[in-house]
Every structure is written in C-alpha cells, then in structure tokens.
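K.L.:
I'd like to ask you about the structure that follows.
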Amino acid sequence: MKKQHTRFFDLKEVGFNDLDGNFTAVNFDQKDFGNALFKNAQSIEMDSFAKEIHTNGNGELNDIVEAELAQLVQGLYHHRVAQAVIETIKKIK
C-alpha cells in the first residue's frame with residue numbers, strides 16, 4: 001500500500017489573486033480561526049486540527065479535515081475568504 005505524504009495547512013499561505021493578478025494574503029488571527037473551527041467541529045480530527053491552528057497557525061491536513069474545513073469556512077466567512085481557504089487546500093494536494 002502506498003503511503004500518503006503528510007500535508008500541512010498554514011494560515012500564512014492563505015490568499016487570493018486580485019484583479020491585477022497580485023497575491024493578496026488573508027490575515028487571520030490564528031487563535032480566532034482555531035476557536036471558530038473548534039466551536040463548529042463535527043469530528044475528533046477537526047478538534048485536533050483546530051487546536052494545532054490555534055497554537056501554531058498550521059496543522060496537518062487529512063481527508064476528513066480537508067472536507068470538513070472546506071464546508072465550515074463557507075458558513076463562517078465571506079465568499080472571497082472562503083474561496084481563498086479552499087484554493088489553499090487544493091494547492092496542498
């Protein structure tokens with residue numbers, strides 16, 4: 001069986017390209033982001049991920065966390081910010 005490589009999600013890498021094509025970082029407070037994820041978590045994996053984000057600003061991304069994170073940010077943040085998180089997840093693969 002092929003071992004999957006470890007993937008890390010880092011808040012510092014979240015951003016989007018503006019209309020001029022320039023990268024614009026989305027500045028998150030890691031503690032607020034971690035708390036928001038923790039309050040809305042639907043799995044033990046997300047609980048752990050939220051704690052990592054809260055403490056370090058990054059965390060290990062697995063398939064369960066990836067799916068839950070993509071779903072949660074759409075309800076927690078405006079479209080542009082949610083899309084920036086989702087695009088960052090896609091880049092990690």
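The values are calculated or read from the model by the stated rules, or taken from the named source; none is laboratory data. On a predicted model such as this, the values are computed, not experimentally measured, just so you know. Glycine gets a Cβ as well: all are built from the backbone with ideal geometry, and neighbour counts include every protein chain shown. Areas reflect the complete protein model, heavy atoms only, side chains present, ligands, DNA and RNA absent. Shrake-Rupley method; radii C 1.70, N 1.55, O 1.52, S 1.80 Å.
K.L.:
In the range 1-77, which trypsin sites (Lys or Arg not before Pro) fall in coil by DSSP and have 15 or fewer other Cβ atoms within 10 Å? Intermediate results must be reported in sequence, preceding the final value.
P.N.:
Details: sites: Lys2, Lys3, Arg7, Lys12, Lys31, Lys39, Lys51; in loops: Lys2, Lys3.
Those satisfying the criteria are Lys2, Lys3.
K.L.:
Only one of the values (1) 26; (2) 21; (3) 29 was calculated from this structure for percent of Cα pairs over 21 Å apart; name its label.
P.N.:
It is the one labelled (1).
K.L.:
To continue, here is another question. Taking a probe of 1.4 Å, how large is the accessible area per residue of the chain, in Å²?
P.N.:
Accessible surface, normalised per residue, equals 67 Å².
K.L.:
Extending each Cα 7 Å along its Cβ direction at Asn58 and Lys31, get the distance between those two points in nm, one decimal.
P.N.:
About 2.2 nm separates the two model spin labels.
K.L.:
Could you work out how far helix 30-40 tilts from the main Cα principal axis of the chain, as a 0 to 90 degree angle to the nearest 10?
P.N.:
Value to nearest ten degrees: 60.
K.L.:
Over the chain, calculate the relative contact order: mean separation of alpha carbon pairs under 8 Å at least 6 apart, over the residue count, as a percent. Working shown, then result.
P.N.:
Values: 117 pairs, mean separation 30.4, N = 93.
Relative CO of the chain lands at 33 percent.
K.L.:
May I ask you to give the percent of accessible area on the chain that is carbon plus sulfur, with a probe radius of 1.4 Å?
P.N.:
Carbon and sulfur atoms account for 48 percent of the accessible area of the chain.
K.L.:
Follow-up question, since we're still on this one. What's the angle, to the nearest 10 degrees (0 to 90), between helix 44-56's Cα axis and the longest principal axis of the chain?
P.N.:
The two axes meet at around 50 degrees.
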